[in-house]
Each structure stands twice: as C-alpha cells, then as structure tokens.
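Only one structure is covered here, and it is reproduced in the block below.
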Amino acid sequence: KILVLSVIFMQFAVYAGVYGKDIVFYENRTYKDVPDGSGFTAVSKFRDVIDLNGEWKYRLESSSKWKDVFIPSCYEYEGTIFFKRKFSIDSSSAAGHCKIFLYGVNNKCTIKINGYLVGNHIGGYSSFSFDIPDNIIVKGNNTIELEVNSELDFRKSIPTKPYLYGWKNYGGIF
C-alpha cells in the first residue's frame, strides 16, 4: 500500500499572524487528486493510494498553538515549522507494504508516523520516498508529522551566497 503527498503548485495566499509577524502560506486549494501519469502513485488492484493533501495543522518551533493550513503550500519564513495530519487506514491496507512519496519539501524535513521516525531528507525541490517499517501504521487512526526547516546553509546549497534582492527561500510541502 502507498501513502502519497503530492503537489500542484500554489494559487493564492493566506496570511497567518504569528508573534507580530505574518507568515504567508501560498496554498493550492484547487488541487483535486493525485496527478495522472505520476507512475508510482497510480491506483491499481495491487496498490491503494491514500492522498494526504488537504487540511493539516502547523505550528512554529517557538509556539505550542496549532493552526490550520492547506497542503500543498509553501511559505515565506525561515526557520522550523511542524506540520501534522491524521488519517485512517482499513485493515486490508494496514497489512500491506507501505511507502510514502513526497514531491517536494523545502529544505530539510523529518517525517514521523505515529511517533516513529520514518526518515529525513535534505533538498528542497526533489521528490523522495521512504519505505515505512512494518507495524508503524495501524488499522484505524494514524498521525503523520513533518518537521520542516527552510533555512539554507549557503556553504552547501544553491545559491552559494545570500542575495539582498531577487532570491526568496520558500519553505513548505509542495
């Protein structure tokens, strides 16, 4: 069985005030389904796909208050933001091999399901996947959590130096 996070890019902005600053989330609320022709996420009689796009919760590292956001989206904020979402699995899906696909998370992320570490990834606009170890996903309710840090290390990433004008470092799940 496959769990899928996918993206069709952003459409409009939602402003969420946090500690006197605004975090601007660019959301794609016109997103409907897993893109056709995406290959590894195609539904078949041998594969169930659970699309995890839609309403999620988020909070800043310095806050304990969770707020709503629609995924896929990106934001103009440098730092760590935590995202979480609940999803349900029936018994037949929970018994199979599970894999998670993400089309892009900028820039560093840690993925946990039901409190168990599934994997880490560095690299903003590249898609990636992880096999989910057995017995982490259970029949019924499950929770996925992503810790996303959008800060760039200019010694190891492109652009190789910060620019005063012209470069914006967007974080997010897209």
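Of note:
- Residues of segment 23-49 that are within 18 Å of I100 (Cβ to Cβ), open to solvent by less than 40 Å² (accessible area, probe 1.4 Å) and modelled with pLDDT of 70 or more: V49 alone.
- Condition check for N120: part of a strand (DSSP E or B) and of a type in the set (S, T, N, Q): yes
- Of all residues in segment 133-142, at least one satisfies being in contact with a Leu (Cβ under 9 Å, 6 or more places away or on another chain) and surrounded by 21 or more Cβ atoms within 10 Å (Cβ to Cβ).
- Hits in segment 66-80 - residues which are among the charged types (D, E, K, R) and outside any strand (DSSP E or B): E76, E78
Conditions tested, residue by residue: (1) modelled with pLDDT under 80; (2) part of a loop (DSSP other than H, G, I, E, B); (3) open to solvent by less than 20 Å² (accessible area, probe 1.4 Å); (4) within 13 Å of I173 (Cβ to Cβ).
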site	(1), (2), (3), (4)
F82	no, no, no, yes
S93	yes, no, yes, no
F130	no, no, no, no
K161	yes, yes, no, no
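The values are calculated or read from the model by the stated rules, or taken from the named source; none is laboratory data. These numbers come from a predicted model, not from an experiment. Glycine gets a Cβ as well: all are built from the backbone with ideal geometry, and neighbour counts include every protein chain shown. Areas reflect the complete protein model, heavy atoms only, side chains present, ligands, DNA and RNA absent. Shrake-Rupley method; radii C 1.70, N 1.55, O 1.52, S 1.80 Å.
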